[in-house]
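Colleague: My structure is below; once you've seen it, I'll send some questions.
The values are calculated or read from the model by the stated rules, or taken from the named source; none is laboratory data. Bear in mind that the values here come from a model prediction, so they are computed numbers and not experimental data. Counting neighbours? That spans all protein chains shown, and the Cβs are built from the backbone with ideal geometry, glycine included. Side chains are part of the model used for accessible areas, which takes the heavy atoms of the whole protein and leaves out ligands, DNA and RNA. Shrake-Rupley method; radii C 1.70, N 1.55, O 1.52, S 1.80 Å.
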Amino acid sequence: MLSLSVLAAGAARAEPVTVVAFGDSLTAGYGLPTDDGFVPQLQAWLTGHAAEVTVINAGVSGDTTAGGLARIDWTLTPEVDAMILTLGGNDLLRGLQPEDARANLDAILDRTDERGIPVLIVPMSAPGNYGPDYKAAFDAIYPDLAAEHGALLAPPFLQPILSLDDRAQAMAEYVQTDGLHPNAQGVALIVEALGPEVLSLLERVE
């Protein structure tokens, strides 16, 4: 009986983990062929690193943190084991108040806490054109909420591109002509940076 129990437990652990990538156009793969988007490239990276995982694309182009909050309950279906949270970019584009984005993200994380779903938060970094106070308030949202909810915190989504020495060359090589969304090569850089963070997320799945 003990041997059978051990074998059954091992079989249960071998089942693939389901991770939902919850975000906006950056997650959805805006402007890219299907296979070149963030989720397909992340799925391929994880599979290449022997992770038994299925990544679901729950990115909605144009979504703000408020839009994410409006759809979080029906996104967290019973099969979801973990979540990658990447929202806030459209709040920045619209100049929405940091306190509103904080409240929305906090409420989203309340929902994942209620369901015992581990989360990897991938921040957005505010530009400087709204002033230093706005940037400080917005950028603080993500580490603050990660600490409050016990979530993992990754580097900002676009950091692998924006941290390159030659900003103009980086934009030309890794960003689409809209100046906002990474191209396929840019997504590959992002996935290389975030892949290990997602592996750490998978370790939190019970």
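Colleague: Using modelled backbone amide H atoms (1.01 Å from N, in-plane), which distant-in-sequence or interchain residues come within less than 5 Å of V53's amide H?
Modeller: For V53, the qualifying residues are V17.
Colleague: Over the stretch 35-141, give the accessible area per residue in Å² for a 1.4 Å probe, as an integer.
Modeller: 43
Colleague: Out of [x] 30, 21, 14; [y] 34, 19, 15; [z] 40, 21, 20, which label holds the value of semi-axes √(5λ) of the Cα gyration tensor in Å that was computed here?
Modeller: Derived directly from the coordinates: [x].
Colleague: Run through all the Cα pairs of the stretch 132-206 and give the fraction in each 5 Å bin from 0, expressed as whole percent.
Modeller: With 5 Å bins starting at 0, P(r) equals 3, 14, 19, 19, 18, 17, 8, 3, 0.
Colleague: Right, another one. Excluding T54 itself, calculate the net charge of residues whose Cβ lies under 14 Å from the Cβ of T54, where each Lys or Arg counts +1 and each Asp or Glu counts -1.
Modeller: Numbers: positive: none; negative: E15, E52, E79, D81.
So the surrounding residues net to -4.
Colleague: Still on this structure, I have one more. Could you give the angle, 0 to 90 degrees to the nearest 10, between helix 65-75's Cα long axis and the longest principal axis of the Cα atoms of the chain?
Modeller: 20
Colleague: Rounding to the nearest 20 debye, state how big the charge dipole of the stretch 20-110 is about its Cα centre with +1 on each Lys and Arg Cβ and -1 on each Asp and Glu Cβ. Working shown, then result.
Modeller: On the way: 3 positive and 13 negative charges, 37 e Å.
Using Cβ point charges on Lys, Arg, Asp and Glu, the stretch 20-110 gives about 180 debye.
Colleague: By how many degrees, 0 to 90 and rounded to 10, does the Cα axis of helix 132-149 deviate from the longest principal axis of the chain?
Modeller: The answer is roughly 10 degrees.
Colleague: Using θ = phi - 60° and the Karplus curve 6.51 cos²θ - 1.76 cosθ + 1.60, what whole-Hz ³J(HN,Hα) does each residue of the stretch 39-49 get, with Gly and Pro shown as x?
Modeller: 5, x, 5, 5, 4, 5, 5, 5, 4, x, 9
Colleague: Calculate what fraction, in whole %, of the accessible area of the chain sits on carbon and sulfur atoms when a 1.4 Å probe is rolled over the protein chains.
Modeller: Details: 5580 of 10100 Å².
C and S atoms contribute 55 percent here.
Colleague: So if I place +1 on the C-beta of Lys and Arg and -1 on the C-beta of Asp and Glu, and nothing else carries charge, what would the dipole magnitude of the chain be about its Cα centre? I want it in debye, nearest 20.
Modeller: 120
Colleague: Report, in degrees rounded to the nearest 10, the 0 to 90 angle that the Cα long axis of helix 98-115 makes with the longest principal axis of the chain.
Modeller: Its long axis makes an angle of about 10 degrees.
Colleague: In whole Hz, with x marking every Gly and Pro, tabulate ³J(HN,Hα) for the stretch 176-181 from phi via Karplus 6.51 cos²θ - 1.76 cosθ + 1.60, θ = phi - 60°.
Modeller: Rounded to whole hertz, the list is 5, 5, 6, x, 10, 10.
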